[in-house]
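Report on one structure; see the data block that follows.
Only the coordinates and a few stated rules stand behind these numbers; no lab work does. Since we're looking at a predicted model, the values are computed, not measured. Please note: Cβ atoms are built from the backbone with ideal geometry, for glycine as well, and neighbour counts cover all protein chains shown.
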Amino acid sequence: MNTYLNPEIAGSLTGIGFKARQPVEGSIAGLHRSPLHGLSPEFADYRSYTPGDDLKNLDWKAYARSDRFYIKRFEEESNLRAVFIVDSSASMKYGGPDFSKYDCAATIAVSLSSVLLKQRDAVGLAILNDRVQEDLRTGSTASHLAKFMEVLQQTKLQGETDIGPAVAQVADQIYRRGIVVVLSDLLTPLDRFYESLGKLQYAGHEVIVMHVLHRDEVELPFKDSVIFKDIEGEEEIFAEPWAFHKAYQAAMEEFIQETRQRCQFCGIDYLQIFTDANLSRVLSSYLHNRQFAGAKTHRGRMASLGGSTGSDNQTLDSPALDPRAGQSSESE
């Protein structure tokens, strides 16, 4: 049975670590900035002294320069709570029994979770398609990772991809700000999905979208006449791919670009991952870049395709594609 825990991948990530870019709320000392202020080695700023303040926090050098009393404030460090949302719709089966899109997403979720748990952080898991199938609350023990993998292994891939409402439901159940990682092929109605991301941002969470695709879905490498079967339904169609190869690739590229640009515009990390990619290299590079990148800035929270995404009235109203048109099919 595939445990989704690849020692090579997990080992390559442990030395890098997974750090939040924005303040998070936790209950134990950790690696991440907290919105609360307390005593820690991380200096935050100064404030004027008021009677009753602890004198040990007075900055005497500042007093010598200005003849006024200032108190040093420090940022309290906190542990991180990360929730992984994994798409379990039928389209995630594509890629075969050896390593499907779902296998790729599950491997990524387990690998990153193992890193977080070693940092004394907490991880949770939500499995969903058009509804929430499983909801594993956050935990930070070694045994929690075993339960995490067990839930992923026992998940049945079924149903249509409409993860927007389910992601919004998960957002209502996360009470402390942290990181939410969405792993999906995004072959879903994008309007509702974007609204759910906006809801997560409004709650103060850092959002990461990992777009998991099989290379066939982008390149359409089929040359001969084939029968395309809808994985999420019963429809079949006989077609000759050469007749619409260029149009399909252009539509798929537009879909990917539109999603990437909207995420970047709204301060959401977007990472496209192919199932045949070297996950150790891809994830190591991503985590390494996070170490040196500052807090994400956005020009507006994520909204539906028809809405404005920023106070500067800029919008991303590109034509809404139906990403399931010809993309969630398998050839025979």
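The residues neighbouring residue 165, those whose beta-carbon lies less than 14 Å from its own, together hold a net charge of -4 under the Lys/Arg +1, Asp/Glu -1 convention.
Residue separation of residue 219 and residue 278 scaled by 0.36 nm, minus their Cα-Cα distance, works out to 19.4 nm of gained length. First check a/c for region 114-161, with a ≥ b ≥ c the square roots of the eigenvalues of its C-alpha gyration tensor; if it is under 1.5, answer rounded, and if not, answer prolate when a/b is larger than b/c or oblate otherwise. Since a/c reaches 1.5 and a/b is larger than b/c, the shape of region 114-161 is classed as prolate.
Taking other residues whose beta carbon is less than 11 angstrom from the beta carbon of residue 133, and scoring Lys, Arg as +1 and Asp, Glu as -1, yields -2.
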